[in-house]
Every structure is written in C-alpha cells, then in structure tokens.
Amino acid sequence: MSDKISDELAKWLIAFVDYLALEKGLSENSQFSYCSDVKGFLCYLAEHDISLTLFNSDDVREYFEYRINEGTSSITIRHFYTSINNFVKFLRLEGVREDNPMNFIELSKRSLALPKVMSENLVSSFLSAPDLSTYIGLRDRAMFELLYACGLRVSELCQLKFEDMHLTDQYLIISGKGNKQRMIPMTDAACYWVDTYIKSGRTIKDPDNSSPYVFISNKVNDANVPHPMTRIAFWYRVKVYAKQIGMENAPSPHSFRHAFATHLLNHDADLRALQMLLGHSRLSTTQIYTHVALARMHQVYEKAHPKA
C-alpha cells in the first residue's frame with residue numbers, strides 16, 4: 001500500500017493535528033501516533049478510490065481486516081479504531097461529514113484477530129424469522145436472502161437498483177469500491193424471495209415503480225417517492241430478529257458477508273473466485289477467511305478427535 005496522499009487529504013491531516021493539539025490537548029507524541037494511524041487509513045481509501053465524505057463502516061472494517069491479515073495485532077487495531085474515531089469526530093465538527101460510520105463498528109473486549117462467523121444454522125434461523133404475511137417481513141426475507149447469497153456489503157444491498165439485477169439469468173452487477181464492477185450469481189432461493197417481494201410486497205408501497213431502488217423504506221420524499229432502505233434501518237431489523245430468535249447480542253449486518261465467505265470456503269470454494277465475488281482488490285484481504293475456516297476446522301478436530 002502506498003504511503004502517499006493527495007494535497008487535499010494532507011491539508012485535512014494537518015488540520016487534524018491542530019484539532020488534537022488545541023481542542024484535545026494531546027501531547028506531541030500522541031498527535032504523531034494518531035496522525036500516523038489516520039494517514040494509513042487515508043492511503044487505503046485513496047488506493048481504493050474512496051472519498052473522505054463517502055467511506056462507510058464496511059470500508060473501515062475491511063481496512064481492519066486487511067491490516068489483521070498483514071499481521072497487525074488486535075491491540076494495534078484497537079488503537080487504529082481510536083485514532084480513526086477521533087478523526088471522524090473532527091470531520092463532523094468541520095461539517096465534512098454528518099453521519100458517523102464508526103457507530104456501526106463493534107470491537108470485542110478481547111480481540112479483533114478474526115471476524116466472528118455465524119453458523120449455517122444461525123443464518124437459516126435469520127432467514128426464517130421474518131413474518132411473511134407482512135410487507136416488511138417479505139422485504140426483510142428478500143434482503144437477508146440476497147445479502148447471504150451474494151456476500152454483499154450492506155451499502156451495496158441498500159443501494160441496489162433494478163438495473164443492477166438480472167433475475168431471469170440469476171446474477172447481479174455490483175459497482176463496489178472505486179466503481180469497480182463485479183458480477184455475482186444469485187441462488188434460486190434469493191431469486192425466488194426477491195421476485196416474491198417485488199410482486200407481492202413492494203407494489204403496495206410503490207405501485208408506480210417510481211423508485212429505482214429495489215429495497216425501499218416506509219418514508220417518502222416530497223414527490224411521494226419512497227426512500228431506499230438505509231444502513232441504520234437494516235441494522236435495526238437485524239437487532240429485531242436477533243432478539244426474536246433468542247440471541248443476547250445481535251450480529252452486525254456485515255456478519256452475513258463474513259458468513260458468506262467462510263461458508264463458501266468450508267464447502268471447498270476457490271480462494272480467487274471468492275476474491276472476485278467479494279470485490280477485494282487484493283487476494284491478501286480475502287485470505288483472512290482461510291484463517292477463519294482453519295480456526296473452525298481446528299475447533300471441530302479438537303472436539304471430535306479422540307486423541308486431540
């Protein structure tokens with residue numbers, strides 16, 4: 001990864017130093033440490049053509065995963081989190097950002113070494129949880145099916161448009177980071193539930209198909225066109241179903257992407273094919289899932305083998 005950033009980003013980094021010194025009262029050593037962490041993240045954003053105003057929690061998570069796969073310790077990752085979190089607070093004070101992508105990043109108390117992965121049974125419980133007699137239930141079932149079937153980022157799911165979806169041929173065209181397109185096959189189940197939602201549920205909320213987005217919320221604009229689902233709204237739906245199926249701690253929406261990747265590897269998927277499906281520019285970013293799969297394999301081995 002290059003250590004160069006644009007002049008514009010460098011200006012924001014200098015302004016961040018002033019904020020740390022004048023507003024936070026941090027020592028020079030702390031200022032240097034925070035800025036070093038933030039610069040690394042800005043280099044990652046620049047390399048992936050992601051702007052300062054548009055990066056989201058998925059981008060932050062994938063940056064952490066990239067660094068973990070490079071051998072960064074969990075303690076250092078936590079320091080990265082603190083530094084980037086302070087930088088986002090600074091951007092919000094400066095009016096550069098209104099949202100806070102760090103709100104959706106959850107750090108475990110002990111380690112960030114590997115992403116937590118839902119079991120196949122737990123994913124099935126989520127897929128079966130929505131009430132299919134309601135519009136919201138149909139929409140949520142379709143969203144869960146598609147998220148898990150295609151390994152989408154939540155932002156990609158919420159921003160999915162009809163023009164991106166090819167139900168007859170069962171594939172999606174997704175424009176990910178840096179507007180890089182990738183084609184992702186859809187399962188029969190995902191196609192069925194998305195089609196059912198569109199024909200039996202979505203027409204209730206948008207009978208004229210005025211919104212180009214597949215998944216819409218109950219909110220409408222001044223022209224009575226439904227808003228697309230938001231990341232926050234989907235996060236809330238995950239929490240609702242997690243409570244419904246008896247989970248104490250709800251998984252993040254990003255957990256479905258982790259499950260998609262790990263379950264494919266558990267069923268002998270090719271690593272480079274998985275890289276393309278996930279939209280990773282580096283194979284090293286994808287390789288973290290081999291660690292997850294191996295860790296799980298060792299757990300099963302040690303539990304089942306009589307001599308382990």
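Values in this text are rule-based calculations from the coordinates and carry no lab data. Computed from a predicted structure; not experimentally measured. Note: ideal-geometry Cβ built from the backbone for every residue, glycine included; neighbour counts use all protein chains shown.
Structure summary
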quantity: Nearest 10 degrees, 0 to 90: helix 28-47 Cα axis against the chain principal axis; calculated: 40
quantity: Difference of contour (0.36 nm per residue) and Cα-Cα distance, Asp270 to Leu54; calculated: 74.6 nm
quantity: Label point 7 Å beyond Cα of Ile136 along Cβ direction - residues of segment 220-245 with amide nitrogen under 18 Å; calculated: 220, 226-245
quantity: Under-5 Å amide H pairs with Val220, H placed in peptide plane, nonlocal only; calculated: His227
quantity: Whole-angstrom gap from segment 22-60 to segment 190-216, using each part's C-alpha centre; calculated: 39
quantity: Efficiency of FRET between Thr76 and Gln170 - r from beta-carbon atoms, R0 35 angstrom, step 0.05; calculated: 0.25
quantity: Fully extended contour minus Cα-Cα distance, from Thr187 to Ser124, at 0.36 nm per residue; calculated: 21.2 nm
quantity: Largest-first principal axis extents of the Cα set of the chain (Å); calculated: 67, 60, 35
quantity: Long pairs among Lys11/Lys180; Lys4/Lys161; Lys199/Lys243, criterion Cα-Cα beyond 32 Å; calculated: Lys4/Lys161
quantity: Gained length - Asp195 relative to Glu47, 0.36 nm times residue gap less alpha-carbon distance; calculated: 49.6 nm
quantity: Paramagnetic reach from Asn218 (point 7 Å along Cα→Cβ, amide N under 12 Å) across segment 125-150; calculated: 135-137
quantity: Helical contribution to [θ] at 222 nm, DSSP H n ≥ 4, -39,500 (n - 2.57), averaged over the chain, rounded to 500; calculated: -16000 deg cm²/dmol
quantity: Stokes-Einstein translational diffusion, segment 120-302 - Kirkwood Rh over all Cα pairs, 0.890 mPa s, 25 °C, in µm²/s; calculated: 142
quantity: Candidate aspartates and glutamates for bridging to Lys219, where Cα separation is under 20 Å - those fewer than 8 sequence places away on the same chain excluded; calculated: Glu98, Asp99, Asp140, Glu156, Asp206, Asp208
quantity: Inter-label distance, nm, simple model (7 Å from Cα along the C-beta direction), Lys4/Lys161; calculated: 3.4
